[in-house]
Structure formats: structure tokens, C-alpha cells
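Notes to accompany the following structure.
The values are calculated or read from the model by the stated rules, or taken from the named source; none is laboratory data. Predicted, not measured: the structure shown is a model, and the values here were computed from it. Counting neighbours? That spans all protein chains shown, and the Cβs are built from the backbone with ideal geometry, glycine included. Remember, those area values only see protein heavy atoms, side chains included, never the ligands or the DNA or RNA. Shrake-Rupley method; radii C 1.70, N 1.55, O 1.52, S 1.80 Å.
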Amino acid sequence: MIVEFGKTGAERPRLVARLVADGALPADLDAVTRGAAEAQRFSGKTGQVFEYFAAGAGDAIARHALVGIGDASAAGRIAALEKAGGALTAKYLTSGEAAVAIDFGGSGLTADEAAAVLLGARLRGWRHDVYRTKLKDEQKPSLGTIVAINAPDGTDAAWEIESAIAEGVEFTRELVTEPANVIYPESFVERCRARLEGTGIEILVLDKAQMTALGMGALLGVAQGSVREPRLLAMRWKGKAGARPTAFVGKGVTFDTGGISIKPAAGMEDMKWDMGGAGAVAGTMLALAKRKAQADVIGVCGLVENMPDGNAQRPGDVVTSMSGQTVEVINTDAEGRLVLCDALTWVQKEYSPATIVDLATLTGAMIISLGHEHAGMFSNDDLLASQLDAAGKASGDSLWRFPLGAAYDKLIDSPIADMKNVGPRYGGSITAAQFLQRYIDKGVAWAHLDIAGTVWVDKAGATHDKGATGFGVRLLDRYVRNVLEA
């Protein structure tokens, strides 16, 4: 969706939306329109939309909308404004209108607040209709342009930053939504190459032979049952020199059957989004490059497909990770941690980051714990945890911290190897995090984000349709703004 600025007069779209604070219906509404708004209980609450028609120039009919932006003094102001923008798009996306003007005049919004409305409007308009060939005209998106008029001074500059974030979120949604016969390790890399070309991001790719030479037995063990070869993708944005870099590491299982420990057939199609962590990392790197972030960040994606052929890893196998630690594979469906452990070791050996944040659709237990409202956070560093929590609150990608500890750690001790890849049934998300912590070097601040419940949803939200949410991009970008660019 395109956002434009400054069109006036006859150039305005036929549909014009005005922003209304709660309890503040515009004084210039005629009695009939005001009565109609009140009859429909429109008062300006966040996300309410009221439509009316009026005579335009000549014989034209002008289409108008009032959009509620809520109470300016309420908490969560930015999220409320994004919701308002999203509500406008949701109403008119398939309306037949090609453009809508948002009139910011009299709204009292700042430039950043106006940009939040535009961001919500753009993000809610994203759809992936590439494979839908029989949509009726009334089902097809028509709305392609948002025109900002009477915007506060500085809104265009604020929008330059937010539009970069929107690009990153949309790229993540694209990667997560594509089916597994389209996005697999090699094509994930090529999609990223194409999208990141010209941004200034340095790309490094390791193939199977290179990973074998490095001793990445844990990652390669997951991949050995698939005809799709694994890849390790590293993307570096060096927007600031000097300090040790920050690393974002994503689990990229482009399809997860469970391997020999095969999943039930019902719902297995959803496992195309088991690369949501890698998708979030790729989208974040695009966003940081597009807005030219003043930070040194490395994004790493461990990319595999987990399949159950005659060469697949078996329950009971023992693999040696790049760190030299050995793992007894009890369950081949606990594969994400095997991918991540080698990716974590590699990025520490290669770049010596001061801080690592990994993102993974790691455990179904996380969905049982938190549903689809929060991602789980585990960390060895209280300051990092608090910084990520603040970034989550500011961005809307919410986190909830879980414990780590020696009592949980011993649950993954193996009688024949250094560790096993699963613990008992209880505390499954915690023991998965304990597994990853064994691969973090002393002195490195680390956080693991289990995003299993947040990358894909079955119902539309304020700024996304049902399906891929793009979770993680705005969180990581906000962390970079708050901490690395402060």
C-alpha cells in the first residue's frame, strides 16, 4: 500500500476520513449526520468507523468517514492510533475505493502520532493473494493508496522511518506465508538476496559442505532426511563501527513434519511457518537497512527442512554440535533447538557479539502457556530482559518473562551424552531454553524468545489480517532504537 502526502482540492480522493477523539464529534456535522452517528453509537472510541455521504462538486457524491482515535490521555496511545488506521483500512480494503485521504486537520496529533495512524493503515492492508485465482471482484483488494492531508509538520520524516518498519514486517509476513514448496532453505536465501540487494547489507551463506567442515552436527542431523539442502544465512548491517555487534538469530525450519517422531496429520500444513523466527530476523534486517539504523547488527538464520525419509535422524541418535557438546536426540520433533545451537555457536565464534537475541517457534507448550497474546522470554541478563520487555510494550510485540535455573537444567541431562534434546512433559518451554543456554558463552548477554503463539493467528487483529503477523520485527527494531541507538 502506498502512502502519499499533501494532495489538496480536486486531487483528493473521493473518500475522505477525519479523525475524531472520544466524545468529540466534529462541530460542523449537520444535524442529520450527527444524529445518524449517534444512532450508530459512534462516539470516537478507538477503532470505530462511521460512514456518511454528502454532495460534492457538481453532481458528484462525496464519501466521508469518521474514525475514532480514542482518548488522548489514555495509556497505549500509539497502539490506539495504529488500531484506528487499521480499522479504516479494514473497512475499505475491498470497498471499490482505490484511495482514501486521511485528514489530520484539527486532530491535535503530533508527527509521530500521525505516522502511527499511517502505519496501522498500511499494515492492515497487507494480503498475500498470489495463489488465489478465482476471487470475485468484490473480494479483491481495491484500496492501494493512503493520502495524508493537513498532516502535522514532520509527519513525512516520521513516516520515512515507519515505512521502513512496514517493509520489514511485510517481508516477514511474505516469507512466513509462502508454502514450503516455494520457500525452503535455498529459496529463502535467494528471496533475501533479492530483497536486500542495494541496501548495504553484507550477506554470507554457508552450504552443507561448509557446515560439515565446521562440525555443525546438530543442525545437519535435522536436515539429513530432506532432499532440500540446509543453509546458514548471515546478514550484517554495519551502520555504526566500533563496539561489538549485536546478533539476532532465527530458527528457520521451512517445513517441520516432526521427522521420524512425526506430527499428527491434522494441522501439519501450519508447519510452513516454523521458520517464523528466521523470517522475523530477515524482516528486521531489511527494516534496519532501509531506515539506516546507527547500529552494528548481524542477523543469522539457520535454515533446514525436517523430513522423515530413510536417511532421517532417528530417536536415540547422538549428534555432536559445533561447540563439541553431544546431544542424545530423544525426539526428532524437538529439532529447532538443534538448529539454533549450532547457529548460536557459529555467530559467537565468527563475530563475538556482546548481545544475542534468538527468536524461534520453538515449543507448543508456549502456546498452552500464553496463547497468542504474548511471546515467552528467557534471559541470562536482567538488564537485557527489561530492555526487551520495554521494547515489546512500545511496539505491541508483547513479551512475558519465564524463569531459568539449575533445577530445570538438570532435566535435560542424558545418561549417555552431554544432554538430551527434550526434558519431561512439564516445563517444556523452559527446558528448551535451558538447552539453548548451554551454548551461550560466558559474558554474553542472551535472550531467547519463544514466538510459537504469535507468528500466525487464525483471526484478524488491529493491524493484521488472519495469518502471518510479522511478529518480532517491530520488537527488535524498537530494541535497536531504544538501546543501540540511544
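The table below gives the values:
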| read-out | value |
| --- | --- |
| Backbone HN-Hα couplings from phi across region 412-424 [Karplus 6.51/-1.76/1.60, Hz, Gly and Pro as x] | 10, 5, 10, x, 10, 9, 5, 7, 10, 8, 9, x, x |
| Qualifying aspartates and glutamates (Cα of each under 12 Å from Cα of Lys251; at least 8 residues distant if same chain) | Asp274, Glu305, Glu335, Asp342, Asp358, Asp450 |
| Heavy-atom SASA rank of Ser398, Ser386 (probe 1.4 Å, accessible area, largest first) | Ser386, Ser398 |
| Local net charge near Gly108, Cβ-Cβ under 15 Å (Lys/Arg +1, Asp/Glu -1) | -4 |
| Positive dipole terminus of region 54-108, leading residue within Gly86, Ala74, Val100 (C-beta point charges) | Ala74 |
| For Ala80, net neighbour charge (Lys/Arg +1, Asp/Glu -1) across residues whose Cβ lies under 11 Å away | -1 |
| Sparse-neighbourhood loop sites, GluC sites (Glu not before Pro) in region 326-431 - DSSP loop, at most 15 other Cβ within 10 angstrom | Glu373 |
| Range of Cα positions in the chain per principal axis (Å), largest first | 82, 49, 43 |
| Fully extended contour minus Cα-Cα distance, from Arg34 to Thr320, at 0.36 nm per residue | 95.8 nm |
| Rounded, prolate or oblate (a/c below 1.5 giving rounded, otherwise prolate when a/b exceeds b/c) for region 85-192 by Cα gyration tensor | oblate |
| Longest site-free stretch - the chain; sites: trypsin sites (Lys or Arg not before Pro), DSSP loop, at most 11 other Cβ within 10 Å | 137-424 |
| Amide H within-cut-off set for Ala375, under 5 Å, with H built and near neighbours excluded | Ser398, Leu399, Trp400 |
| Kyte-Doolittle mean at least 1.0, axial Cα span of 18 Å or more - DSSP H helices of the chain | 276-290 |
| Sites Ala194 and Arg14 - FRET efficiency at Förster radius 56 Å, r taken between beta-carbons, to 0.05 | 0.95 |
| Stokes-Einstein diffusion coefficient of region 423-471, Kirkwood radius over Cα pairs, 25 °C, 0.890 mPa s, in µm²/s | 185 µm²/s |
| Amide H contacts under 5 Å for Gly299, placed H, 5+ residues apart | Met235, Arg236, Trp237, Phe248 |
| Heavy-atom accessible surface of the chain: percent carbon and sulfur, 1.4 Å | 50 percent |
| Three-way shape label, region 153-286, alpha-carbon gyration tensor, a/c 1.5 | oblate |
| Probe 1.4 Å, protein heavy atoms only - accessible area per residue of region 178-326 in square angstrom | 37 Å² |
| Student exercise, region 82-183 dipole from Lys, Arg, Asp, Glu Cβ charges, in Debye to nearest 20 | 640 debye |
| Amide H contacts of Val3 (H built 1.01 Å from N, under 5 Å, at least 5 apart or other chain) | Ile146 |
| Taking region 285-407 and dividing mean pair separation by its residue count, relative contact order in percent (alpha carbons under 8 Å, at least six apart) | 15 percent |
